[in-house]
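Have a look at the structure below, then the notes.
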Amino acid sequence: MFVFIYLNFTSEFNHFIEKQEQKHSSQIKQQLTQFYSKTNSWEAVAYNNQLWRSLVEPQQNSQDQATKRNPPSLLWIEMPGDLLKTGRRISLYNQKKQVIVGRKAINENALIEPILYNDKVIGWLGLVPSKLATNSPTEAFLEAQLHNYIIITSLVILLAFIMAIVLAKHLIKPIQQIVEATNELNNGNFTNRITPLSQDELGTLSNNFNELANTLQANQKMRFQWMSDTSHELRTPLTVLRSHLIAVQDGIFAADEKRIKLLIEQVNNLNLIVDDLSQLAHSDTASLSYQFKTLNIATLLQHTIDTYSARFTQCQLHLAPLRLDNSANYQIHGDQERLQQLFINLLENTCRYTNPGGQLQITLKQVKQQIEVTFADSAPSVNEQDKQKLFERFYRVEKSRSREYGGSGLGLALCKQISEAHKSQITLQDSPLGGLQVILTLPQIG
């Protein structure tokens, strides 16, 4: 930038000086012509140096004198006539190009112009431009400006260097924090957090890192909790099976129908836990496959209820008949097996956690272009804080009670995933019967 500006400035300044000198030269030619018209000779000029100076160096006005006393440091529009000392670089020659005043040889001048009077050459005017003259004001001015430019450029480079260091430290510090925190995260330390130092992209990246660390820490906590709960649940039926089998082997217990039924119940508990683990594996690897087709949700729901009615009788619960409007259209686009899995999970939750003697009411109705399925059971209910977390994986309201009934905290999480795959919504509310109400909203066809 320094080289470009200085070269451009030098070129423009020299062009400006040339115009000023041409202007001055034209004025001198006019004055010399007027002088020659009066005397019809150059003889007076040749022997009178003061007269020659008065012709080539015009008298200064008050503005020029003030400018000379306080010369400007930069370019100006109207340059004083004698500032460039143009008169000292002008030479006068007669018609035969013989020197009258100035340089002996006319070829020593870079610029040569004829002086005309009545369309007749009465002499020649020679000029050495300021940029070609040694120790000229132009050269001195350019050297001064070059010196100033060098100082300014050096200061700018120094300032840029200082700013680069400050800016580099400003940028490197949050980057170093992110690198160190990422290394900690890679080593399994999910408790480390970054304090954002700015509001720019690095600050956004720091906030995103903190959110990622929070998610990983929460997932790790849930994974450890679930592994602990699962191992405990597996250990309980295995312990019962082992103790009873050893007792039968030692002859303490007889292998009668009652004992075998107890062992089969423990095996069924193990099957439930294994099924939950299998569903979790499919869910985490996003391998749950869907085969969508047109189906009647009322028929599917009624079939699921009929299949599960014996389970409700076993749990001493009343399953009310399905409430629906026979004139409504219950056609949807969905996967029959996955929706049946969703309904079974909801029915099983009622069987496990509703107090004996309670009931479940299932309602199916059409709301605008959607179908709303409602499962409303009786006490006990769930507080608002737990209700917001029931769709989270592995979450259980009461761990001891959940273990008692074989729950793994995965059923509602799978229900939510299946509903999202069907572009529907599933929500939880307080039931009018005193328990929990689950509302599933599905898009209708037609």
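Residues in segment 191-220 that are outside any helix (DSSP H, G or I) and among the hydroxyl-bearing types (S, T, Y): T191, T195, S198. Of everything in segment 278-299 that's assigned to a helix (DSSP H, G or I) and modelled with pLDDT of 85 or more, which residue is surrounded by the fewest Cβ atoms within 10 Å (Cβ to Cβ)? The residue in question is T299.
If we keep just the residues of segment 300-322 that are closer than 25 Å to K423 by Cβ and touching a residue at least 40 places away in the same chain (Cβ under 8 Å), which is surrounded by the fewest Cβ atoms within 10 Å (Cβ to Cβ)?
If we filter segment 300-322 for residues that are closer than 25 Å to K423 by Cβ, which is where we start, we get 300-305, 322.
From the residues that got through so far, the ones that are touching a residue at least 40 places away in the same chain (Cβ under 8 Å) too are 300-301, 304-305, 322.
Working: L300: 18, L301: 19, T304: 20, I305: 18, L322: 16.
If we take residues in segment 300-322 being closer than 25 Å to K423 by Cβ and touching a residue at least 40 places away in the same chain (Cβ under 8 Å), then L322 is surrounded by the fewest Cβ atoms within 10 Å (Cβ to Cβ).
Within segment 324-357, the set of residues being surrounded by fewer than 21 Cβ atoms within 10 Å (Cβ to Cβ) and among the small types (G, A, S) comprises S327, A328, G357. Taking A160 as meeting all but one of (1) in contact with a Leu (Cβ under 6 Å, 6 or more places away or on another chain); (2) at pLDDT 90 or above, write down the number of the exception. (1) is the only condition that A160 fails. For segment 1-21, taking the residues that are out of contact with any helix residue (DSSP H, G or I) (no Cβ under 9 Å at 6 or more places or on another chain) and exposed (fewer than 15 other Cβ atoms within 10 Å of the Cβ), the one that is nearest to G123 (Cα to Cα) is identified as K19. Just to be sure, is T363 surrounded by 18 or more Cβ atoms within 10 Å (Cβ to Cβ) and hydroxyl-bearing (S, T, Y)? Against the criterion (surrounded by 18 or more Cβ atoms within 10 Å (Cβ to Cβ) and hydroxyl-bearing (S, T, Y)), T363 does not qualify. Scanning segment 322-348 for residues that are in a strand (DSSP E or B) and at pLDDT 90 or above yields a total of 4. Might you let me know whether segment 254-277 holds any residue that is at pLDDT 80 or above, surrounded by fewer than 11 Cβ atoms within 10 Å (Cβ to Cβ) and within 29 Å of I439 (Cα to Cα)? Among the residues of segment 254-277, not one is at pLDDT 80 or above, surrounded by fewer than 11 Cβ atoms within 10 Å (Cβ to Cβ) and within 29 Å of I439 (Cα to Cα), which makes the answer no.
Among the residues of segment 10-51, the one identified as of a type in the set (G, A, S) and under 60 Å from the mean Cα position of the chain (by Cα) is S11. Per the conditions (1) modelled with pLDDT under 85; (2) surrounded by 12 or more Cβ atoms within 10 Å (Cβ to Cβ), the sole criterion not satisfied by S231 is (2). Among all positions in segment 25-36, there is at least one residue which is among the hydrophobic types (A, V, I, L, M, F, W, C), under 18 Å from R89 (Cβ atoms) and surrounded by 11 or more Cβ atoms within 10 Å (Cβ to Cβ). The residues in segment 145-204 that are surrounded by 12 or more Cβ atoms within 10 Å (Cβ to Cβ) and either closer than 30 Å to L7 by Cβ or in contact (Cβ under 8 Å) with a residue 40 or more places away in the chain (or both) can be counted, and the count is 8.
The values are calculated or read from the model by the stated rules, or taken from the named source; none is laboratory data. Since the structure is predicted, the reported quantities are computational estimates derived from the model, not experimental observations. Don't worry about glycine lacking a Cβ; one is built from the backbone with ideal geometry, like all the others, and counts go over all protein chains shown.
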